[in-house]
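*Asks:* One structure follows; several queries about it will come next.
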Amino acid sequence: MSAQGLPAHILALFTPRPPPQHLPPQVAKKGVRLAGCADFVEYISSEPNPEREPWESPLERKARRHAEKLQAHKDTQKETIAKYDPHKDSNASGDPFKTLFVGRISYDTTEKKLKREFEVFGSINKVRMVYDTKGKPRGYAFIEFEHERDLKNAYKQGDGKKIDGRRVMVDVERGRTVEGWLPRRLGGGRGPGRQGKPSKKKQKKLAEATDKAIEREKAEAKSDKKRDDKKKDDRKDDKKEKEKEKEKAKYKKKNKSKDSSDCSSSSDAE
């Protein structure tokens, strides 16, 4: 079949390739002479290597700074604890056994409002609201009653009283009445302190951890139950084997006694 009459773009497909390019033969290169490093020893310095500078990752730096701040806070707290003496405090005046501590007070509450709210329990000598260095209220106060019975009534009935939209907490003054007592700012106080609501991520992690712990406990309980059942079965098997051995021993004793009686009767007959 001839290719005549075909279009040019199809004839181009059947055209032969150009001849390969002629390259001169590759000349073998002279190899590089490899030698040891003894020739270069004189160029190496005999001085000791410099000390390696310690490298600190960002996380390690953050942890170090946090530990330093924590240690500095602990040191300052130790100094303040050593100097702390509530009996020498000029602001703490009056009878400590008639003084009531009121905490979780609203920042909008005034001394007059606090006195008016607690006067229902008895006559009050003095109300002292605690302020910081900038003059802002700290959220707690001390109320000195005239009689100790009024303090007891306020202590029993005043806890949870709602003042300016907040429920207050009451307690006796412990700084001058309880030996070795420390306030919250020095690491003492009562209760766990302020604990913020955990984030959703933390709540999820806590839920997963509790689920895992429950599953682990269930698995351990199952394994313990299986182990106990196995032990019971082993004990039952041991009891059965012992009973069988006892029966065998009784049967052997009976056979021996029969044999001995037969022997004695035969000897008598002779």
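*Asks:* For Ala207, state whether it is at pLDDT 85 or above and open to solvent by less than 100 Å² (accessible area, probe 1.4 Å).
*Replies:* Against the criterion (at pLDDT 85 or above and open to solvent by less than 100 Å² (accessible area, probe 1.4 Å)), Ala207 qualifies.
*Asks:* Given the residues Leu100, Leu59, Leu70, which is the only one that is among the aliphatic types (A, V, I, L, M) and either more than 26 Å from Trp181 (Cα to Cα) or part of a loop (DSSP other than H, G, I, E, B) (or both)?
*Replies:* Going through Leu100, Leu59, Leu70 in turn, just one is among the aliphatic types (A, V, I, L, M) and either more than 26 Å from Trp181 (Cα to Cα) or part of a loop (DSSP other than H, G, I, E, B) (or both): Leu59.
*Asks:* May I pose another question? Confirm whether Lys256 is of a type outside the set (A, V, I, L, M), part of a helix (DSSP H, G or I), at pLDDT 75 or above and over 30 Å from Val130 (Cβ atoms).
*Replies:* It is false that Lys256 is of a type outside the set (A, V, I, L, M), part of a helix (DSSP H, G or I), at pLDDT 75 or above and over 30 Å from Val130 (Cβ atoms).
*Asks:* Here's another thing I want to ask about it. Those residues that are of a type in the set (A, V, I, L, M, F, W, C) and either surrounded by fewer than 12 Cβ atoms within 10 Å (Cβ to Cβ) or outside any helix (DSSP H, G or I) (or both), I need them from region 73-96; list them, please.
*Replies:* Once the filter is applied, which keeps residues that are of a type in the set (A, V, I, L, M, F, W, C) and either surrounded by fewer than 12 Cβ atoms within 10 Å (Cβ to Cβ) or outside any helix (DSSP H, G or I) (or both), region 73-96 yields Ala82, Ala92.
*Asks:* Only one residue in Val178, Val127 is assigned to a strand (DSSP E or B) and among the aliphatic types (A, V, I, L, M). Which one?
*Replies:* Val127
*Asks:* Which of the residues spanning region 97-132 are charged (D, E, K, R) and either touching a helix residue (DSSP H, G or I) at 6+ places or on another chain (Cβ under 8 Å) or without any contact (Cβ under 8 Å) to a residue 60 or more places away in the chain (or both)?
*Replies:* Lys98, Asp108, Glu111, Lys112, Lys113, Lys115, Arg116, Glu117, Glu119, Lys126, Arg128, Asp132
*Asks:* Of all residues in region 152-192, which are modelled with pLDDT under 85, surrounded by 13 or more Cβ atoms within 10 Å (Cβ to Cβ) and either over 27 Å from Ala82 (Cα atoms) or of a type in the set (D, E, K, R) (or both)?
*Replies:* Passing the criteria: only Arg184.
*Asks:* Would you be able to say whether some residue in region 14-26 is among the charged types (D, E, K, R) and at pLDDT 85 or above?
*Replies:* yes
*Asks:* With at negative phi, of a type in the set (Asp, Glu) and exposed (fewer than 10 other Cβ atoms within 10 Å of the Cβ) as the only criterion, which of Glu53, Glu117 stands out?
*Replies:* Matching residue, one of Glu53, Glu117: Glu53.
*Asks:* Can Ala249 be described as modelled with pLDDT under 85 and not β-branched (Val, Ile, Thr)?
*Replies:* The answer is yes for Ala249.
The values are calculated or read from the model by the stated rules, or taken from the named source; none is laboratory data. Being a predicted model, the structure only gives us computed values, none of them experimental. Ideal geometry is used to build each Cβ from the backbone, glycine not excepted, and the neighbour counts take in all protein chains shown. These accessible areas exclude ligands, DNA and RNA; they are computed on the full protein's heavy atoms, side chains included. Shrake-Rupley method; radii C 1.70, N 1.55, O 1.52, S 1.80 Å.
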